[in-house]
Amino acid sequence: QMEQTVPKMEQTVPKMEQTVPKSFTIGQTWGALRKSWKGYKIAKVQDDRAKMMEYATKIRKLQGELGVQQASFPDLALN
C-alpha cells in the first residue's frame, strides 16, 4: 500500500503586528480590560472601595492604551 501525503499549507494570514505599550497585543489588552471590569463589579458588590479604586484606575489606564473613551467613576472621584 502506498500512502498519499497531503502537503501542509503555509499560513498566509499575517500575524497581528499592532501592539500597545509594553509589548502586549491588542487582544491581550482587551482581555485585561474585561477581567478588570469583572474585578471591579465583584469589588463593588463586596463594597471594597480599595479594590474598586484599584480596578477603576486599571480600567482607565487600559482604555487609554486602547484609545477608547475612558469610563468615569464619579463615586470614586475618577472622572
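The values are calculated or read from the model by the stated rules, or taken from the named source; none is laboratory data. Predicted, not measured: the structure shown is a model, and the values here were computed from it. Ideal geometry is used to build each Cβ from the backbone, glycine not excepted, and the neighbour counts take in all protein chains shown.
Tally up the residues in segment 25-39 that are assigned to a helix (DSSP H, G or I) and either over 8 Å from the mean Cα position of the chain (by Cα) or in contact (Cβ under 8 Å) with a residue 12 or more places away in the chain (or both), please. The total comes to 9.
May I ask you to list the residues in segment 24-57 that are surrounded by 15 or more Cβ atoms within 10 Å (Cβ to Cβ) and of a type in the set (Gly, Ala, Ser)? Those that are surrounded by 15 or more Cβ atoms within 10 Å (Cβ to Cβ) and of a type in the set (Gly, Ala, Ser): 32, 36, 39, 43, 56. Please work out which residue is modelled with the highest pLDDT, limiting yourself to segment 1-44 and to residues that are within 30 Å of residue 55 (Cβ to Cβ) and β-branched (Val, Ile, Thr). So, considering only residues that are within 30 Å of residue 55 (Cβ to Cβ) and β-branched (Val, Ile, Thr), the one modelled with the highest pLDDT is 42. Pairing each residue of segment 56-72 that is free of Cβ contacts under 8 Å to residues at least 24 places away in the same chain and among the polar types (S, T, N, Q) with any residue that is surrounded by 14 or more Cβ atoms within 10 Å (Cβ to Cβ) and assigned to a loop (DSSP other than H, G, I, E, B), provided the two are 6+ apart or on different chains, yields no C-beta distance under 7 Å.
In segment 40-68, how many residues are outside any helix (DSSP H, G or I), within 14 Å of the chain's Cα centre (by Cα) and of a type outside the set (Val, Ile, Thr)?
Step one: filter segment 40-68 for residues outside any helix (DSSP H, G or I), giving 46-48, 67-68.
Next, only the ones that are within 14 Å of the chain's Cα centre (by Cα) stay: 67-68.
Now restrict to residues that are of a type outside the set (Val, Ile, Thr): 67.
Here the count works out to 1.
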